[in-house]
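K.L.:
Have a look at this one.
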Amino acid sequence: MKKVGNQSFLLSNPVKIVSTASIVGPKEKEGPLCEFFDQALEDEFWGEKSWEKAESKFIKETVNMAIAKSKIAQTDIELCFAGDLLNQCISSSFGLREINIPFFGIFGACSTFVEGMILASMAIDGDFATNVVCASSSHFCSAEKQFRFPLELGNQRPPSSQWTVTGSGSAVLSKNGTGPKITILTPGKIVDMGIKDANNMGAAMAGAAADTLLTHFKDTGRKPSDYDAIFSGDLGYIGKDILIDLAASKGYNIRANYNDCGVLIFDKEKQDTHSGGSGCGCIASVFSGYIYQMFQEKKYKKVLLMATGALMNSTSSQQGESIPGIAHAISIEA
Amino acid sequence: MKVESKEDYQKYVDKKTPNSPILKNCFNAFLVGGIICSIGQIIFEFCKMRGLEESSSYTVVSILLVFLSAFLTALNIFNRIGKFAGAGSLVPITRFCKFYSISGNGI
């Protein structure tokens, strides 16, 4: 591994994404990406007694599915990086308590999935592991309960609010095998733009997204047009607009090939999702479903995947703290 | 666009972010809140007409409205009313029920 520029890392041996799996809930099933997910459920409880139990099942089943698809024996997978939004990351640790693989619970809010892929790539390129599994999940009902209001209260949502995705994505990364390759890592810094409105996460995270994106271009000497597509996840409609503006103000035009996973996963008009999707499960399921499939169909050869997270909790919002954002990017090439 | 400071950014974000439709929300709240209160008044007048004391009639109104909103919550209808009416459905006594029915759900 070689450091390039300020904060990017070029892997000496590209890490292969040998398999992915995605499972989503009923609202995502009605969305435009439905056909790309491995499994889309009718019932957001998935037969469990609580939403938390359901979310744990999401991540457990997704990880099992990704490992099965990779054709790598579970005992040959040496590390697991997983995280979610619930307090103390219980969805991952409860869901994966029987997985029997050394486990790191990580938290990067909605950036968790790519955070895990960066750590996994470092572990593999650093020869600490050969096969690593990454996963993250979120659940609309459990997240609303924790971060906003209980669902049954019937509160109104402002136009800037985002809809937490019910779903989970998982990827198996390996030194060997075939699949799209992770070539460059650009972990992001925490950037606080002073936004305090927990109903406008896109605006809170866009500053961090711009910082990571522009740093990635400067570090690597690449331009936006070098990529077939640039995906952020999940800034939503407002954050996406802001990122395009912020990048343009620094001389980078990303309008042509940039999109956001939170924008892609729902139909804004039909599904009443306001500013789009969010949550750890958003970029995880969109990458594991849609983007990975596009690589398989050879429609993409080079993609920049950048996950963004709002690093707040329910207490910090109540105490009027501003929301620090973070964004982690990886370059994936066929 | 130039973002030199957090204040600049906040101003820019405010401009970018669509506002809630306040006039429409206020009208809906007024309408639905008014309907709920009218229902309460009708129950009250009906009880008095049937010879119930005033204080007991008030109790009956509370019981019935709280029951109604719990019932509609179970049918998944009340959250839709809440989304439409906002404070109009939550400021009247129907809100009380929400707390009970929610705690009943283990939330």
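The values are calculated or read from the model by the stated rules, or taken from the named source; none is laboratory data. Model, not experiment: these values are computed from the prediction. Cβ sites come from the backbone with ideal geometry, for glycine too, and all protein chains shown count toward neighbours. Quick note on the areas: whole protein, heavy atoms, side chains included, nothing else; ligands and nucleic acids left out. Shrake-Rupley method; radii C 1.70, N 1.55, O 1.52, S 1.80 Å.
K.L.:
Of all the residues that make up the range A:58-73, how many are over 18 Å from the mean Cα position of the chain (by Cα), in a helix (DSSP H, G or I) and among the charged types (D, E, K, R)?
P.N.:
1
K.L.:
Please go through the range A:1-52 and pick out each residue that is in contact with a strand residue (DSSP E or B) (Cβ under 9 Å, 6 or more places away or on another chain), assigned to a helix (DSSP H, G or I) and under 23 Å from A:Ala68 (Cβ atoms).
P.N.:
Answer for the range A:1-52, where residues must be in contact with a strand residue (DSSP E or B) (Cβ under 9 Å, 6 or more places away or on another chain), assigned to a helix (DSSP H, G or I) and under 23 Å from A:Ala68 (Cβ atoms): A:Glu28, A:Lys29, A:Cys34, A:Phe36.
K.L.:
Sticking with this structure for a sec: For A:Gln146, which of the numbered conditions (1) at pLDDT 95 or above; (2) not in a loop (DSSP other than H, G, I, E, B) fails to hold?
P.N.:
Checking A:Gln146 against (1) at pLDDT 95 or above; (2) not in a loop (DSSP other than H, G, I, E, B), the one that fails is (1).
K.L.:
For B:Ser20, indicate whether it is hydroxyl-bearing (Ser, Thr, Tyr), in contact with a Pro (Cβ under 8 Å, 6 or more places away or on another chain) and surrounded by fewer than 18 Cβ atoms within 10 Å (Cβ to Cβ).
P.N.:
On the way: hydroxyl-bearing (Ser, Thr, Tyr): yes; in contact with a Pro (Cβ under 8 Å, 6 or more places away or on another chain): yes; surrounded by fewer than 18 Cβ atoms within 10 Å (Cβ to Cβ): yes.
Against the criterion (hydroxyl-bearing (Ser, Thr, Tyr), in contact with a Pro (Cβ under 8 Å, 6 or more places away or on another chain) and surrounded by fewer than 18 Cβ atoms within 10 Å (Cβ to Cβ)), B:Ser20 qualifies.
K.L.:
If you go through the range A:208-242, how many residues are without any contact (Cβ under 8 Å) to a residue 40 or more places away in the chain, of a type outside the set (D, E, K, R) and more than 11 Å from chain B (Cβ to nearest Cβ)?
P.N.:
5
K.L.:
Based on what the data block shows, is B:Ile36 β-branched (Val, Ile, Thr), more than 11 Å from chain A (Cβ to nearest Cβ) and open to solvent by 90 Å² or more (accessible area, probe 1.4 Å)? Break it down into steps so the answer makes sense when it comes.
P.N.:
On the way: β-branched (Val, Ile, Thr): yes; more than 11 Å from chain A (Cβ to nearest Cβ): yes; open to solvent by 90 Å² or more (accessible area, probe 1.4 Å): no.
Taking the combined requirement at face value, the residue does not satisfy it.
K.L.:
Here is a follow-up. Only one of (1) crowded, with 21+ Cβ neighbours inside 10 Å; (2) of a type in the set (A, V, I, L, M, F, W, C); (3) over 30 Å from A:Thr178 (Cβ atoms) is not met by A:Trp46, so which one is it?
P.N.:
Among (1) crowded, with 21+ Cβ neighbours inside 10 Å; (2) of a type in the set (A, V, I, L, M, F, W, C); (3) over 30 Å from A:Thr178 (Cβ atoms), the lone unmet condition for A:Trp46 is (1).
K.L.:
Within the set of pairs 6 or more residues apart or between chains, which connect a residue that is more than 7 Å from chain A (Cβ to nearest Cβ) inside the range B:9-27 to a residue that is open to solvent by 90 Å² or more (accessible area, probe 1.4 Å) and of a type outside the set (Val, Ile, Thr) with Cβ atoms less than 9 Å apart?
P.N.:
Going by the 9 Å Cβ cut-off, the qualifying pairs are B:Tyr12/B:Met1; B:Tyr12/B:Lys2.
K.L.:
Continuing with the same structure: Got at least one residue in the range B:76-93 being at pLDDT below 80, open to solvent by less than 70 Å² (accessible area, probe 1.4 Å) and away from chain A (no Cβ under 14 Å)?
P.N.:
Within the range B:76-93, one or more residues are at pLDDT below 80, open to solvent by less than 70 Å² (accessible area, probe 1.4 Å) and away from chain A (no Cβ under 14 Å).
K.L.:
Return yes or no: is A:Phe104 of a type in the set (A, V, I, L, M, F, W, C) and either in contact (Cβ under 8 Å) with a residue 12 or more places away in the chain or under 26 Å from A:Phe295 (Cβ atoms) (or both)? Spell out how you get there, then give the answer.
P.N.:
Values: of a type in the set (A, V, I, L, M, F, W, C): yes; either in contact (Cβ under 8 Å) with a residue 12 or more places away in the chain or under 26 Å from A:Phe295 (Cβ atoms) (or both): yes.
It is true that A:Phe104 is of a type in the set (A, V, I, L, M, F, W, C) and either in contact (Cβ under 8 Å) with a residue 12 or more places away in the chain or under 26 Å from A:Phe295 (Cβ atoms) (or both).
K.L.:
Among the residues of the range A:117-137, is there at least one that is touching a residue at least 12 places away in the same chain (Cβ under 8 Å), open to solvent by 10 Å² or more (accessible area, probe 1.4 Å) and under 22 Å from A:Phe45 (Cβ atoms)?
P.N.:
No, the range A:117-137 contains no residue that is touching a residue at least 12 places away in the same chain (Cβ under 8 Å), open to solvent by 10 Å² or more (accessible area, probe 1.4 Å) and under 22 Å from A:Phe45 (Cβ atoms).
K.L.:
Checking A:Asn200 against (1) outside the structural domain of A:Tyr292 (by TED's automatic domain parsing); (2) more than 30 Å from B:Ala70 (Cα to Cα), which single condition isn't satisfied?
P.N.:
(1)
K.L.:
If you take the residues in the range B:39-57 that are assigned to a loop (DSSP other than H, G, I, E, B) and either open to solvent by less than 90 Å² (accessible area, probe 1.4 Å) or among the hydrophobic types (A, V, I, L, M, F, W, C) (or both), which one is farthest from the other protein chains (Cβ to nearest Cβ)? Outline the logic, then answer.
P.N.:
Step one: list which residues in the range B:39-57 are assigned to a loop (DSSP other than H, G, I, E, B), which gives B:50-53.
From the residues that got through so far, the ones that are either open to solvent by less than 90 Å² (accessible area, probe 1.4 Å) or among the hydrophobic types (A, V, I, L, M, F, W, C) (or both) too are B:51-52.
Details: B:Gly51: 36, B:Leu52: 31 Å.
Here the residue is B:Gly51.
K.L.:
Kindly indicate whether A:Gly320 is in the same structural domain as A:Met193 (by TED's automatic domain parsing), in a helix (DSSP H, G or I) and of a type in the set (Gly, Ala, Ser).
P.N.:
Working: in the same structural domain as A:Met193 (by TED's automatic domain parsing): yes; in a helix (DSSP H, G or I): no; of a type in the set (Gly, Ala, Ser): yes.
The answer is no for A:Gly320.
K.L.:
Out of everything in the range A:92-116 that is within 18 Å of A:Ala310 (Cβ to Cβ) and in contact with a Phe, Trp or Tyr (Cβ under 9 Å, 6 or more places away or on another chain), what residue ends up being surrounded by the fewest Cβ atoms within 10 Å (Cβ to Cβ)?
P.N.:
The first filter runs over the range A:92-116 and keeps only residues within 18 Å of A:Ala310 (Cβ to Cβ), leaving A:106-116.
Imposing the further condition that a residue be in contact with a Phe, Trp or Tyr (Cβ under 9 Å, 6 or more places away or on another chain) reduces the set to A:106, A:112-116.
On the way: A:Ile106: 19, A:Thr112: 32, A:Phe113: 36, A:Val114: 30, A:Glu115: 26, A:Gly116: 31.
Checking each candidate, the answer is A:Ile106.
K.L.:
Which residue pairs have Cβ atoms under 7 Å apart, sit 6 or more places apart or on different chains, and have a first residue in the range A:283-299 that is on the phi > 0 side of the Ramachandran plot and a second that is surrounded by fewer than 24 Cβ atoms within 10 Å (Cβ to Cβ)?
P.N.:
Matching pairs, first to second residue: A:Lys298/A:Ala334.
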